[in-house]
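Each remark here refers to the structure printed beneath this line.
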Amino acid sequence: MQKQNKTTKNYILSLDADRWLFHADVLVDKAHVVMLKERGIIKRDEVSAILNSLTKIEERGEDFIEHELPSYEDVHTAIESVLIREIGEDKGGRMHTGRSRNDEVATCIRIALRDELLEMMKEVHGLRRAIIEKAAENVDTIMPGYTHLQHAQPTPFAHHFLAHSDAFARDFSRLVNAYEHTNVSPLGAAAFASTGFPVDRERTAKLLGFDSVLENSMDAVSTRDFIIETISCYANLMTNLSRLAEEIILWSTSEFDFVRLPEEYATGSSIMPQKRNPDYAELVRARTGTVHGCLMGVLSICKALPYSYNRDLQEVTPHLLQATETTTASVAVMKSIVEGLELKKEEMEKKAQIGFTTATELADTIVRETGISFRTAHKIVSSLASVLADENMESIKEQESEKAFVAEILPRIDDFAMSIVGKKLSEMGLTEKKVKEALNIASNIQKRNVKGGPAKKEVLRMQRARRMDLEKEEKSREAKEERVRRSLEELEREVKKKKKVIKVIKK
Ligand code: ARG
């Protein structure tokens, strides 16, 4: 026989994932054994010995993970083997009755992931709150809104930031869906064909805090689509996060100069003493790629896998773990960055004027005042914009005298109107007053008061509504947590009861 060396021996292991699954596996073992007893499949003293030994293994915790786990093929084998070592095979060897590692591992992953998803929802909640509060502080802070990264129209910072919080609200609801598809129990499916022992799948599902049983036993052990779905949610969330990170990186440059990064989230340069680099935000941007990679990894592993279980499925779990840890940490980092972000309000407002950001409103005003079509008004204002850009005069506030500037604009509009429509707009109802109003950035914003627009009334309404959504969603998240907690308490009560038996008998 060929001997294996360390490298080939370790090839089959997935230690990090197994460490992650340790606590879930102990729970699954407990629930399974409690159910086996209730169904009369194993005897009282056997149950008591198994549960007592399991408790010891659980209490060893980190010590078990560090010293026992690496010697076995996986966490399931490790726990069962140590248990048999402690209480003998006649008793310990009964724990795995009516079960396979296939349903066991699928159940463990779902339990571990369910907890991570609840944690992730909490983090996303925190991020959304931070964004909404930062928006609330900046309802009157005006910034240039961008298209193609060029100044487009003025907008309140709050409106821009609330857009990010809406994206994360959708991420939150995607996580809720992923949770619902995750929190179902495959236990009792065994290898795939279930078992001839009269196991009670509903009971183990209940004891483990699952919402229901994943019915078809072939499906139960074969699928990892809940992992694909979860990492897809992360990938989407990370994409949204990286867009926010990217904006914050841009805004902190001297070119934009809109924000100052919180001290703890800016780093220095080893050579340039003046630097405050946005390394944390950059890593959020980079780790988005890592999470996308995890998704690709899992999709590729699962693609074309024949039913039911194949060892390939083990290779999925580390990707899930990496994606989960990376995403949770990235959300936490971005939340802190947002909380500590200092806005340079004056700088933002000054820049909001640059680039003729009021041109759209000027064209709209022409339409309203003169009755010509929007396309024609667009042509006239577009010609005006070109000459103003050439003369570097697009910013009304930067002109010496606002009044003189406005007075000069109307005749120019008339000149272009003459060549484009053969008429002067000043003779068709366009006044200096209306032109001036159109060129004012604050009034630009206030006019855009349609549902979801940047006008103050709408921004305040959305802010209130989002705060209420947050409350509601946090309550429903807490309710999920509570349901799981109650089930696990019931499991512990059952374990405690059934553990005692042996002591009673011994007396
Ligand atoms: N460590 C394995 C995994 O993660 C457990 C299941 C092993 N099952 C088997 N039939 N070899 O998938």
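The values are calculated or read from the model by the stated rules, or taken from the named source; none is laboratory data. If you're wondering where the values come from, they're calculated on a predicted model, not measured in any experiment. We place every Cβ from the backbone using ideal geometry, glycine too, and count neighbours over all the protein chains shown. The area values use the complete protein model at the heavy-atom level, side chains included, leaving out ligands, DNA and RNA. Shrake-Rupley method; radii C 1.70, N 1.55, O 1.52, S 1.80 Å.
With a cap of 15 neighbouring Cβ atoms within 10 Å, and only residues DSSP puts in a loop, list the trypsin sites (Lys or Arg not before Pro) found in the range 1-40.
Answer in residue order: K3, R39.
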Determine the distance separating the Cα centre of the range 436-502 from the Cα centre of the range 236-269; give it in Å without decimals. 25
Using the alpha-carbon atoms, what tilt in degrees (0 to 90, nearest 10) does helix 359-370 show relative to the longest principal axis of the chain? 60
Alpha-carbon centroid distance for the pair the range 187-223 / the range 324-359, whole angstrom: 48
Any chance you could run the full-extension gain for V367 through E202? It's 0.36 nm times the residue separation minus the Cα-Cα distance, nm to one decimal. 52.6 nm
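Which pairs, out of K344/K472; K350/K447; K475/K497; K91/K496; K345/K447, put more than 30 Å between their alpha-carbon atoms?
Values: K344/K472 33 Å; K350/K447 20 Å; K475/K497 33 Å; K91/K496 18 Å; K345/K447 21 Å.
In this structure, K344/K472; K475/K497 exceed 30 Å between Cα atoms.
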Within the range 245-354, report the GluC sites (Glu not before Pro) that DSSP leaves as loop and that have at most 10 other Cβ atoms within 10 Å. E255
In nanometres, the difference between 0.36 nm per residue of separation and the alpha-carbon distance of R467 and R486 is 4.0 nm
Of the accessible area of the range 266-337, computed with a 1.4 Å probe and all protein chains kept, carbon and sulfur make up a percent value of 56
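Please report, as a whole percent, how much of the solvent-accessible surface of the range 108-246 comes from carbon and sulfur atoms (probe radius 1.4 Å).
49
Could you work out the helix-only [θ] at 222 nm for the chain, with each DSSP H run of four or more residues adding -39,500 (n - 2.57) and the total divided by the number of residues, to the nearest 500 deg cm²/dmol?
Result for the chain, helices only: -22500 deg cm²/dmol.
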The long-range amide H neighbours of V213, using H built 1.01 Å from N in the peptide plane and a cut-off of under 5 Å, are S185
By how many degrees, 0 to 90 and rounded to 10, does the Cα axis of helix 374-390 deviate from the longest principal axis of the chain? 80
FRET efficiency for S476 and K496, Cβ-Cβ distance as r, R0 = 22 Å, nearest 0.05? 0.10
For every other residue with a beta carbon closer than 12 angstrom to the beta carbon of E471, add +1 if it is Lys or Arg and -1 if Asp or Glu, then tell me the sum. +4
Extending each Cα 7 Å along its Cβ direction at T253 and L15, get the distance between those two points in nm, one decimal. 4.4
Taking the Cα of A389, stepping 7 Å toward and past its beta carbon, and measuring to each backbone N in the range 142-175: which are under 15 Å? 147-153
To the nearest Å², the heavy-atom accessible area per residue of the chain with 1.4 Å probe amounts to 48
Give me the distance in nm between label points sitting 7 Å out from Cα along the Cα-to-Cβ direction at S232 and R412, one decimal. 5.2
Whole-Hz ³J(HN,Hα) from phi, Karplus 6.51 cos²θ - 1.76 cosθ + 1.60, for the range 24-32, glycine and proline x: 4, 5, 4, 4, 4, 4, 4, 4, 5
Excluding residues fewer than 8 positions from K351 in its own chain, the lysines with Cα under 16 Å of it are K397
Extending each Cα 7 Å along its Cβ direction at S212 and Y146, get the distance between those two points in nm, one decimal. 4.6
Starting from the Cα-Cα distance between S336 and H181, subtract it from 0.36 nm times their residue separation and give me the gain in nm to one decimal. 52.8 nm
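Is the chain best put as rounded, prolate or oblate by its Cα gyration tensor, with a ≥ b ≥ c the root eigenvalues, rounded for a/c under 1.5, and otherwise prolate when a/b is larger than b/c, oblate when not?
Working: a/c = 3.23, a/b = 2.85, b/c = 1.13.
Judged from the Cα gyration tensor, the chain comes out prolate (a/c at least 1.5, a/b above b/c).
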Pull up the cross-link candidates among the aspartates and glutamates for K9, meaning alpha carbon to alpha carbon under 15 Å and not fewer than 8 places away within one chain. E73, D74
Per the 1/(1 + (r/R0)^6) rule, R0 = 51 Å and r from the Cβ atoms of D45 and K303, FRET efficiency to 0.05 is 0.60
Angle in degrees between helix 402-421 and the longest Cα principal axis of the chain, rounded to the nearest 10: 90
For N277, the residues 5 or more places away or on another chain with a placed amide H closer than 5 Å to its own amide H are T267, G268
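Given R₀ = 45 Å, FRET efficiency for T8-D219 by Cβ-Cβ distance, to 0.05?
Numbers: r = 34 Å, r/R0 = 0.75.
Given R0 = 45 Å and the Cβ-Cβ separation, E is 0.85.
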Inter-part gap, Cα centre of the range 1-69 to Cα centre of the range 78-119, in whole angstrom, is 5
Please return the longest range in the chain lying between exposed loop sites, taking chymotrypsin sites (Phe, Trp or Tyr not before Pro), DSSP loop only, at most 16 other beta-carbon atoms within 10 Å, and leaving the sites out. 73-306
